[in-house]
Structure formats: structure tokens, C-alpha cells
Amino acid sequence: MSACSTQTTEMKEYTGYVNPFIGTGGHGHTHPGAMLPHGMIQPGPDTRIDGWDSCSGYYYEDSTINGFAHTRLSGTGCADFGDFLLMPTVGEQKVEYLGKESQQRPFASAFSHRNEYAEPGYYSVFLDTYGVKAELTATERAAMHRYTFPESKESGFILDMDYNIQQQTNQVMEVEAVNDTVLCGYKRSAYWAWQQDLYFYAVFSKPFTHTLYTDTIEEGGQQIPVCKMLLRFDTAEDEQVMVRFSISSVDGEGARQNLLAELPDWDFDKVRADARKTWNDCLSKIEVKTEDPDQLAIFYTAMYHAFLSPNLFTDVDGRYLGMDLKVHTTDKEDPVYTTFSIWDTFRALHPLLTIIDPHTNESYIRSLLKKQREAQTKRCFPEMGLCCQLHGNDDWLSCCLYHHRCIREGLSRFRCSRSLPSLSPYCRIRHDRHCRSEVAGSFCDAPCPLLQGCAGLYSLRPRKRIGGKGIGICIR
């Protein structure tokens, strides 16, 4: 077991221990894309559309890439998102519909893992079909793409507006060429969130000509809308074409302002370096001392995955879409978060964050309380933060236990007086015969075995130094 040193030393390169491909096979459902801690945007490769192992949009056993979408989940047992798929092309741009059973788009490219690389905040792959190298990096709210093309008079991009993961319903799709280097658009889809609105703003480093392709396909008694923007331009050998791409759940102006604030120029390498530094600062919260490189890779990759969500939901101007589907404004220093998969995370992730990142953890609590107030009901907690309720008997309990732990840990800026009225009706309404705890004791007559069973764990104060045989762990 190691001791925590107070001496100032040069920071280690913790990101070098992370392997973003861990968990992308089997049923891990993780994703190797270019993401920042709790970032709003998640650009990365998409290899399959449907099935349980499409949850993140990427599966290691696949050998083709459909393109690079900008929203996704990682490490979950359910799927969603996959919005605004962008794919570079050379030659004919194929857009024919292949059917709901197909995992591929007609413009998908073959690739090899030998030509694929990922690190925190950066992803690259060579697209064999087109002879194009793709590179991605990101800020919190915007992605930067860099594509190295071969010489061709038929280079371009396909922006697939109707693409999504696991056959969601596209209710509205709009895309517009503002000029010969700028696209903007909007889509509304329904899946876990019955009304999920998302806007984008994209700037290209090279002028293009464009064609909007739309259609309606009938399959299995359903009408499936199709919407794709086809871009064309010439390229010289090894010419690099870049794209700056931002999103917002508020409106198109929000997406544009997010881009201007976070990606004002075309310095891809600086954005990548900044992303790496952000991740290194994040991972440095815990230092592991061991001679075993596999243990370091396992630990820091798991820690990397722990910081991918919940996701930022506030634009740079402080605006966000509330649970009442109205635009609200919050303090920029107290942002709102979304994509709470609390039934997966309340047992381990959030207790960890009370130790290593309590300030952000408190922001999660305030986000949930804001959503509860905006929903105008005490029986609604958001799952996606876009007007989707938690569901199932374990979901309300996980919210209670999450808040319950935070109260027990005595977080300094957390106002219990606001949280208790929001939590106690869950125990009173759903388990009126079984609940008694510090959260719901005044409303129930009998003890709740679920809450009491966790009481011993929750009453323990976290230790600052932990470790095992051959491993020393220091929590900063």
C-alpha cells in the first residue's frame, strides 16, 4: 500500500494506460470514439445498427464502418442516439435502401483493426473502400474531423440524417446548406425519449456542391422516411479536408454558438492535445502504483469509462431544454447534465464520485432535482433528460439510494431540504408497506429491507488509501 505524497512532481501520462477498445467486444457495449469527460458530443465510428450488441453503435467483431455519428451511449445495456452520421466517400455515392435487417449502409467501408487507433479524446481509422484516413477529436460540445483523401474528382461526404441505432422513429428531419461550406439541421426522433430534439451546425474547410436526397420507403407496413445530404468536391493526393461539427438540444443558434466558442479555428492537433490533457487531469485523481502493466491498463481504462457519462446538456450560454420541453437558463458554472443510467451506476460510480469528484457529483444531484421540478410531478425522474421517464421498480429506488448516499456523506453544497420532498413520495406511493429509512421514515410504518440492506454500506466513510497485494492506490 502506498502513501499519498504532498510533494509537487511532474504529472504522469495517465492516458497512455487507457485502451479504449477494452469492452467493445463480447457484451461490453463500450465505444472507442473521441470523447471528453462528460462531453455533450460523442463522435466516433458506427459499425452496426441493430441488435443488443449495437448499444454503442460499435462492435469490435465487425469489419465495416457505416460512418461517424455524433451521439451515443457507452457501456449500457440499452441503445439510443446515433445522430448525424457523416461519411467521407470517393467515387459513386450509394444511397439505396438495404432493408431494416441490414447492419450496413450502402456506402459503408471495409476497415481493418490494424489501421485503427484510439486514445482518450482521439480516434483514427483507414477506410479501405475509399482510401481515406479518418481522424476525430472533440471539445465538450463540438467535434473536429480530419480526412486525408486520395486524388479524385469525385470526393465528398454523405450526411445521413435518418441514421440511428436500433431502428428509432425519425419524426422530423431538416438539413440546409447555408452556403458552400456550412450545413445546419435538425431532427426529432422517438425511442427512449419520446420527443428527442437535436440541432447541428457544421463548417467544412473545403467548398462543396450539394444534393439533398429524400424518399419514403414502405416496409413491413411502415413508412420509413429517408433524408441524406450528398456533398461533392475535388481533392488532390493526400489533401486534408476538415469538418467542425457541433450540436445543441436547444436550437440551431445554440449549436452555432457552441461551435464558435469551442472550435473557432482549424487547429486539429491543438484540439487533440487539449483533449488529452483534459483526460490526463481527470485520470490523475487516482494514482496506482504497480509493476504490472495489465493492472494499470485495466484500472485506468475502467476509470476512463466511468467519466464518459452523465453528459453535459447545457449550451455555452447556459441554456438547456427542460423536462417541460421549455428552454431554461442556468448558471454557466452550474451546468445541467443528462443521460443518467442510474440503475447501472448508483451502486459504484456515484459513490466513487463522492470521493474523487464531489463537485461534479453534486451537479448531477442538482440536475435531477431541476428535472423533477420542471416535470411538474413528483413521480417523474428523467432517464435521457429529454422528456423520458425512468421506468421499472428498480429505477425509483436507485434514485432514492443515490440521493440517500449523498445525504449520508454530507456533501457540503447539497440542500437536503429540497431533495427530501422529491424523494419521499416514491417510498410512500410505491412501497407504502415496506419503507422506512432516513429518506422516507416519516411517511412509512414498516422497515424497507432494500434501503436497510444498504444502510451498513452507506454509513461507512470512504477511506483515502486503498490497495491490494502488489498494488498501491492513492486518491488525490
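Where a number appears in this text, it was derived from the coordinates with a stated rule and is not lab data. Given the structure is predicted, the values throughout are model-derived calculations rather than measurements. When we count neighbours, we look across all protein chains shown, and the Cβ atoms used for this are built from the backbone with ideal geometry, even at glycine.
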Subtracting the Cα-Cα distance of residue 236 and residue 50 from 0.36 nm times their residue separation yields 63.3 nm
I need the shape label for the range 19-279. Rule: rounded when a/c is under 1.5, else prolate if a/b > b/c, else oblate, with a, b, c from the alpha carbon gyration tensor. rounded
Sort 153, 133 so the one with the fewest other Cβ atoms within 10 Å of its own Cβ comes first. 153, 133
Loop-resident sites, the range 59-100, for trypsin sites (Lys or Arg not before Pro), counting at most 14 other Cβ within 10 Å (DSSP): 94, 100
Residues 303, 40 in order from fewest to most other beta-carbon atoms within 10 Å are 303, 40
Residue 251 to residue 153: extension gain in nm, 0.36 nm per residue of separation minus the Cα-Cα distance? 31.7 nm
Can you figure out the FRET efficiency of residue 96 with residue 167, using R₀ = 22 Å and their beta-carbon distance, to the nearest 0.05? 0.80
For the range 203-239, listing GluC sites (Glu not before Pro) in a DSSP loop whose Cβ sees at most 10 other Cβ atoms within 10 Å gives 237
Mind listing which GluC sites (Glu not before Pro) in the range 67-151 are in a DSSP loop and have 15 or fewer other Cβ atoms within 10 Å? 92, 96, 101, 151
Tell me which lysines have Cα within less than 24 Å of residue 206's Cα, excluding those fewer than 8 residues away on the same chain? 94, 133, 153, 228, 270
What FRET efficiency comes out for residue 328 versus residue 179 if R0 is 30 angstrom and r is the Cβ-Cβ distance? Round to the nearest 0.05. 0.40
Just to verify a number: FRET efficiency for residue 104 and residue 210, C-beta to C-beta distance, R0 = 30 Å, to 0.05? 0.80
Given charges at beta-carbon only (K, R positive; D, E negative), |dipole| of the range 73-179 in Debye: 220 debye
Relative contact order (percent, whole number), the range 19-279, Cα cutoff 8 Å, 6+ residue spacing: 19 percent
